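Here is the structure we will look at.
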Amino acid sequence: MSRLWRYITSSRLWKSIYRNPYPRDKRSRAMVILNSLALHLHPVRVPKRATRITYTWGLGGLATWCFVLLTLTGVFLMWYYIPTTQDAYWTIVQLQTEVTFGAFLRNLHRWAAHAMVLAVLAHMTRVFYTGAYKPPRDFNWVIGVALLLVTCLLSFSGYLLPWDQLAYWAIAVGMEMGGATPFIGKQVRMALLGGFEIGQQTLIRWYTLHVIFLPLACILLMATHFWRVRKDGNISTPVYEDDDEETLRAVEARRQQLAE
Amino acid sequence: MATEVQRPAGEGKDDLLRTVDEKDLKPVHVWPNLVSIELIGALTITLLLSLMAIFVAAPFYRMADPELTPNPSKAPWYFLGLQELLLHMHPALAGVVVPTAVLVLLGAIPYIDRSKKGTGIWFYSKKGVPIAVFSAIYTTIWNVGLILVDEYLPAGGANGIAPWLKMHGFPDAFAEIFVPIAFMTFIPFSLWTIVKRRWQADMRECMIAMYSFFLASFIVLTIIGTAFRGEGMALSWPWDIPYPPHGKE
C-alpha cells in the first residue's frame, strides 16, 4: 500500500499537480500556500487571533461555500429544468418524483440559498461590530454591500423559476414594489416583466439573470472582495495608531520576537 | 497571557479595550491552522444543509395561476421587512426609496467614521455593548409601537395614521410620504442625540448605534412581516395564519 502510494506521489503527473510534498515543516507550509491557487487567497501566516472562531465565526467563508454548493446543485437543476411557462412546473414535478436525488438536490439548493443570504447578513454584522470596515478596508466594505444586494437578487430571481403559486405571487409582490419607482416606475416594471404581465418573457428574463448574469456578477465581486482582503492587510487586527511611540515599539518588537 | 506591552490600568487615554494578548501577536501558519478550521466549517455547513434537505422539503405548491391570488401573498423572507413597510407608507417610499437609501447609507459608513481606532475589536469600547443593546431596544419599541398605532388607530372606516391624518384634512402626500419620512429620520436622529448625551459617544460609538438601529429594524420588521401578518396582511398571531396560504395549496 505504501509502495503504491509512493509510486503515485513520485509520478510525473502527481508532481506536476502538487509542486511540494505534504506540508510538515515551516518551509513546505509556506510553499503550499504560495503554490496553490485556492490557498493563495490566504497569506502564509496569520496572527493567531485571526484563526479564533469567536472573532470571525467563519461567516464570509461559509457564504462562499454556500455559493459553491449552489453552483453545483444549480448546474444539476439546469439539466432538468425547462424555462417555459408550460414546462417549468412539470419539470420540477418530474425532478422531484422521477430523478435520482432530484428532490434532495432541489431542497439543498433552496436551503443553501437561504443560508447564503443569512451568512452574508451575519458576515456584514460581524465586520461592522468588529470595526473591520475602517480604512484601508473602507472600499472593500462597499463591495461587500454590493455583494449583499447581488446575493438577495440571486435568491429572489430564483424564486420565480418553479412557476408555482409561491413563485408567481412573490414576484407579483416584487413587481408591485419595483413598479412604484418614482418617475420611471412603468419602465422599470416593463424591463423586469418583459411585458405587461408576468409571463413567458418574464420567466426567460429572470432565468437568464439567475443562471448567467448574476452569478457572473457575484463571482467578479467576490474575486475583487477577496483580492482586496489580501491587499488591505488581510484579516483585521487592532491598530494602535493613537498609542504612544513606546507602546508601538514594544508591540512591534514583541511581534518580531514571536515570529522567529 | 497578557504581555508587558499592555498599558497599565488607569493610565489609558480612554477606556478602549486595549489589552494586547501575547497569543494574538504570534503568527501561525495558515496550513494547517486555518485551512483545517475552514475545512471543518465547510463540512459542517454541508452536513447541516444536507440533513435539512433530507428532512424538510422545499415549498412547492400548485401551478402558478394568475386568477387565484393567495391570501396572504408574500415575498421571500428577506424582503418581508420591506413588504411590512409597504403597509405603512407610499409604495415608492417603501419599495424603492428606503431600500436604496439603506444600501447607500450602509456603503457610506466607512466614509463617515474615518478613524482607524477600534479596528479588529468587538464592540470597540466598554460603552459599545450597552450602546448596541440600548439602540436595539429603543428601535424595537419605536417599530412595534408605530406598527400597533398604524394598525389600530381608528380613522372613520379605516385604521391607521395616514387615514387618520387624511380624515383631519391633511393632503395625501403629507400622510403617506412626509409623515413616514419624518418618523424614519426622527428615530435614528433622536437615538444619535441620546447616545451622544448619555454616553459621550464618539463617532464610532454613534455608528454602532446607527447600525444597531438598522439591524434591529430589519429583524423586527422581518419577524412581524413573516410571522404576524395573516389574511389581508392584518396583524395576527402566528398560529392563526393559514399555512399554506389560501389559494396556494
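The values are calculated or read from the model by the stated rules, or taken from the named source; none is laboratory data. Predicted, not measured: the structure shown is a model, and the values here were computed from it. A quick note on method: Cβ atoms are made from the backbone with ideal geometry, for glycine too, and the neighbour counts reach across all protein chains shown. Note: accessible area is taken over every heavy atom of the protein model, side chains too, but ligands, DNA and RNA are not part of it. Shrake-Rupley method; radii C 1.70, N 1.55, O 1.52, S 1.80 Å.
Name the residue, out of A:Ser36, A:Ser11, that is of a type in the set (Ser, Thr, Tyr), within 11 Å of chain B (Cβ to nearest Cβ) and either in contact with a Leu (Cβ under 6 Å, 6 or more places away or on another chain) or surrounded by 11 or more Cβ atoms within 10 Å (Cβ to Cβ) (or both).
Criteria check complete, one pass: A:Ser36.
Answer yes or no as to whether A:Tyr55 is open to solvent by less than 90 Å² (accessible area, probe 1.4 Å) and modelled with pLDDT of 85 or more.
Considered against the rule, which asks whether it is open to solvent by less than 90 Å² (accessible area, probe 1.4 Å) and modelled with pLDDT of 85 or more, A:Tyr55 comes out as no.
At pLDDT 95 or above and at the interface with chain B (Cβ under 10 Å from one of its Cβ atoms), is that true of A:Val68?
Against the criterion (at pLDDT 95 or above and at the interface with chain B (Cβ under 10 Å from one of its Cβ atoms)), A:Val68 qualifies.
Yes or no: A:Leu72 open to solvent by 70 Å² or more (accessible area, probe 1.4 Å) and outside any helix (DSSP H, G or I)?
Considered against the rule, which asks whether it is open to solvent by 70 Å² or more (accessible area, probe 1.4 Å) and outside any helix (DSSP H, G or I), A:Leu72 comes out as no.
Identify all residues within region A:96-115 that are more than 10 Å from chain B (Cβ to nearest Cβ) and either within 21 Å of the chain's Cα centre (by Cα) or part of a helix (DSSP H, G or I) (or both); write none if there are none.
Of everything in region A:96-115, those that are more than 10 Å from chain B (Cβ to nearest Cβ) and either within 21 Å of the chain's Cα centre (by Cα) or part of a helix (DSSP H, G or I) (or both) turn out to be A:Thr97, A:Gly102.
Restricting to region B:105-133, name every residue that is open to solvent by less than 10 Å² (accessible area, probe 1.4 Å), modelled with pLDDT of 90 or more and in contact with an Asp or Glu (Cβ under 8 Å, 6 or more places away or on another chain).
Across region B:105-133, the qualifying residues are B:Pro110, B:Gly128, B:Ile131.
Residues of region B:36-80 being in contact (Cβ under 8 Å) with a residue 60 or more places away in the chain, facing chain A (nearest Cβ under 7 Å) and either assigned to a helix (DSSP H, G or I) or in contact with a helix residue (DSSP H, G or I) (Cβ under 6 Å, 6 or more places away or on another chain) (or both), which ones?
B:Pro59, B:Tyr61, B:Arg62, B:Pro70, B:Ser73, B:Tyr78
Any residue at all in region A:72-93 that's closer than 30 Å to A:Gly233 by Cα and under 28 Å from the mean Cα position of the chain (by Cα)?
no
Considering each residue of region B:226-241, count those that are farther than 29 Å from B:Ala101 by Cβ and either of a type in the set (Phe, Trp, Tyr) or open to solvent by 20 Å² or more (accessible area, probe 1.4 Å) (or both), and give that number.
Total meeting the criteria: 7.
Return yes or no: is B:Pro171 over 24 Å from B:Leu82 (Cβ atoms), more than 14 Å from chain A (Cβ to nearest Cβ) and either surrounded by fewer than 18 Cβ atoms within 10 Å (Cβ to Cβ) or β-branched (Val, Ile, Thr) (or both)?
When the stated conditions are applied, B:Pro171 passes them.
Filter region A:135-155 down to the residues that are free of Cβ contacts under 8 Å to residues at least 12 places away in the same chain and within 12 Å of B:Ile109 (Cα to Cα) and list them by number.
A:Pro135, A:Asp138, A:Val142
Quick one: which of B:Trp164, B:Trp142, B:Trp122 is aromatic (Phe, Trp, Tyr) and not in a helix (DSSP H, G or I)?
Checking each option against the conditions leaves just B:Trp122.
Given the criterion open to solvent by 60 Å² or more (accessible area, probe 1.4 Å), in a helix (DSSP H, G or I) and closer than 30 Å to B:Trp237 by Cβ, identify the matching residue among B:Ile181, B:Ile223.
None of the others qualify; the one that does is B:Ile223.
Of all residues in region A:163-186, which are modelled with pLDDT of 90 or more and surrounded by fewer than 20 Cβ atoms within 10 Å (Cβ to Cβ)?
Those that are modelled with pLDDT of 90 or more and surrounded by fewer than 20 Cβ atoms within 10 Å (Cβ to Cβ): none in region A:163-186.
Spot the failing condition for B:Gly118; the list is (1) within 7 Å of another protein chain (Cβ to nearest Cβ); (2) among the small types (Gly, Ala, Ser); (3) within 18 Å of the chain's Cα centre (by Cα), and only one is missed.
(3)
Say whether the condition of being of a type in the set (Gly, Ala, Ser) and more than 7 Å from chain B (Cβ to nearest Cβ) is met by at least one residue in region A:51-58.
No, the conditions are met nowhere in region A:51-58.
Go through (1) surrounded by 12 or more Cβ atoms within 10 Å (Cβ to Cβ); (2) touching a strand residue (DSSP E or B) at 6+ places or on another chain (Cβ under 8 Å); (3) of a type outside the set (Ser, Thr, Tyr) for A:Pro21 and report which single condition fails.
For A:Pro21, the exception is condition (2).
Among A:Ala113, A:Ala122, A:Ala132, which is under 30 Å from B:Gly118 (Cβ atoms) and crowded, with 22+ Cβ neighbours inside 10 Å?
Exactly one of A:Ala113, A:Ala122, A:Ala132 is under 30 Å from B:Gly118 (Cβ atoms) and crowded, with 22+ Cβ neighbours inside 10 Å, namely A:Ala132.
Which number in (1) within 21 Å of B:Leu43 (Cβ to Cβ); (2) in a helix (DSSP H, G or I) marks the one condition that A:Ser36 misses?
The one condition A:Ser36 does not meet is (2).
In region B:50-73, what residues are open to solvent by less than 60 Å² (accessible area, probe 1.4 Å) and of a type in the set (D, E, K, R)?
Passing the criteria: only B:Asp65.
With A:Arg24, A:Arg6, A:Arg19, A:Arg29 as the choices, which residue is basic (Lys, Arg), in a helix (DSSP H, G or I) and more than 17 Å from B:Pro27 (Cβ to Cβ)?
A:Arg6
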